[in-house]
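> Take this structure, written in structure tokens, and hold onto it; I'll ask about it next.
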Amino acid sequence: MMNLKSGKIEGFEQFSQFESLKEFNHHIEKWLLEHKTDFSKGELVGLKRLVRFAAKIPGVCNAKIGTVLKAIHDEYCDNGISRSTFKRMIGKAKELGIFTVNEIERKNFSQSSNFYVFNRFPVSEPPKQETLNHPKETTNLLKTEKDQKIKKCKEEAPELDYTFVSNRVPKDFVQFVKCFFDDAKLIEEYWRMVNILAFDYKLHGETDAIVGIAIDSFRQLIRKLKFTNVVRKPIAYFYGILKEKFFEYYDGWVKEMDADKPTKPFLYHIEGEYFEWDWLNGEIWKMVNSLQGDERIVFI
């Protein structure tokens, strides 16, 4: 490790190992293909953000940890990573050889920030002499390695973010949920729970009300996740909250209908018989054998 004097980033161009940003990104892709599984999801977020800070001069970065963390928090709606997570990422990346870290000194010899120099992905060693004597075996080995890399690429296919969510999911719901779970498949799964209950309560035509209930339920889920550790299956917990809120809405709607119902029922006179109107379901349901003096009659 060497100590460097603080200054503008342009003064550190000599430390870059890359001719262009395209070359730098190519080597980063190789590093991640090889070592992505060595990092947690939060650590990967920190590493990728540090890579973006190293784009001005390809492979060189002197951003402070606080600056990087603030950028992550802003991007993920104040739901970023902790300082300890970022430091764990630095330790792992150094050990794997992805980059080296140097200290930058101020003029008063105190430490200013870290200076990161990203390394090139190492070139594979040439085959040994014994291998050259058996070209058929070498060909099979290369084919096996190629197949393994193709398989690994398929397994590590990146998740689709919120921009890939189906158009059937309301935009207001997508915009709210993506601040916490930026995964198209997961957002659609949460909305599927909403659709199931909306259909059960015969409210699937009231889009605005459904979206409002869904967002309110999701907000309550996030609060529970942030303040407690008791939620093992978030989507199941969300369904429970949602079910309760749909019942409250439906119950309120029924009470409102009852409030609008006349105090004295209309009686329908059909072919000599009298029937009472079912106000909740909108149908004639009960034959009336005798009339009260103050009941209103509709003759059909």
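> Take the residues of the range 198-244 that are in a helix (DSSP H, G or I) and hydroxyl-bearing (Ser, Thr, Tyr): which is surrounded by the most Cβ atoms within 10 Å (Cβ to Cβ)? Lay out the reasoning, then the answer.
If we filter the range 198-244 for residues that are in a helix (DSSP H, G or I), which is where we start, we get 198-200, 207-227, 234-244.
Of the ones still in play, those that are also hydroxyl-bearing (Ser, Thr, Tyr) are 207, 217, 237, 239.
Numbers: THR207: 12, SER217: 23, TYR237: 17, TYR239: 19.
That would be SER217.
> Please work out which residue is modelled with the lowest pLDDT, limiting yourself to the range 129-187 and to residues that are acidic (Asp, Glu), assigned to a helix (DSSP H, G or I) and closer than 27 Å to LYS36 by Cα.
Kept after step one, since they are acidic (Asp, Glu), are these residues of the range 129-187: 130, 137, 145, 147, 155-156, 159, 161, 172, 182-183.
Within this subset, residues satisfying the condition of being assigned to a helix (DSSP H, G or I) are 130, 137, 145, 147, 155, 172.
Okay, now just the ones that are also closer than 27 Å to LYS36 by Cα, so 145, 147, 155.
Details: GLU145: 67, ASP147: 70, GLU155: 54.
That would be GLU155.
> So, of the residues in the range 163-197 that are of a type in the set (Lys, Arg) and farther than 14 Å from TYR239 by Cα, which turns out to be surrounded by the fewest Cβ atoms within 10 Å (Cβ to Cβ)?
Restricting attention to the range 163-197, the residues satisfying the condition of being of a type in the set (Lys, Arg) are 168, 171, 178, 185, 192.
Keeping just the survivors that are farther than 14 Å from TYR239 by Cα gives 168, 171, 178, 185.
Details: ARG168: 9, LYS171: 11, LYS178: 19, LYS185: 11.
The selected residue is ARG168.
> For the range 13-26, does any single residue satisfy the condition of being surrounded by fewer than 17 Cβ atoms within 10 Å (Cβ to Cβ), assigned to a helix (DSSP H, G or I), touching a Gly at 6+ places or on another chain (Cβ under 6 Å) and at pLDDT below 90?
Within the range 13-26, not a single residue is surrounded by fewer than 17 Cβ atoms within 10 Å (Cβ to Cβ), assigned to a helix (DSSP H, G or I), touching a Gly at 6+ places or on another chain (Cβ under 6 Å) and at pLDDT below 90.
> Additional query: Taking CYS61 as meeting all but one of (1) over 14 Å from ILE98 (Cα atoms); (2) crowded, with 19+ Cβ neighbours inside 10 Å; (3) over 19 Å from the mean Cα position of the chain (by Cα); (4) at pLDDT 90 or above, write down the number of the exception.
(1)
> Sticking with this structure for a sec: Starting from the range 178-194, keep only residues that are touching a residue at least 60 places away in the same chain (Cβ under 8 Å), then list their pairs with residues that are assigned to a loop (DSSP other than H, G, I, E, B) and among the hydrophobic types (A, V, I, L, M, F, W, C) whose Cβ atoms are within a distance under 9 Å, requiring at least 6 positions of separation or different chains.
Partner pairs satisfying both residue conditions: CYS179/CYS77; PHE180/CYS77.
> Another question, then. When you scan the range 63-83, do you find a residue that is farther than 28 Å from LYS178 by Cβ, in contact with a helix residue (DSSP H, G or I) (Cβ under 6 Å, 6 or more places away or on another chain) and not in a helix (DSSP H, G or I), even just one?
There is no residue in the range 63-83 that is farther than 28 Å from LYS178 by Cβ, in contact with a helix residue (DSSP H, G or I) (Cβ under 6 Å, 6 or more places away or on another chain) and not in a helix (DSSP H, G or I).
The values are calculated or read from the model by the stated rules, or taken from the named source; none is laboratory data. Since the model is a prediction, treat every value here as computed from it, not as a measurement. Cβ: placed from backbone, ideal geometry, glycine included. Neighbour counts: every protein chain shown.
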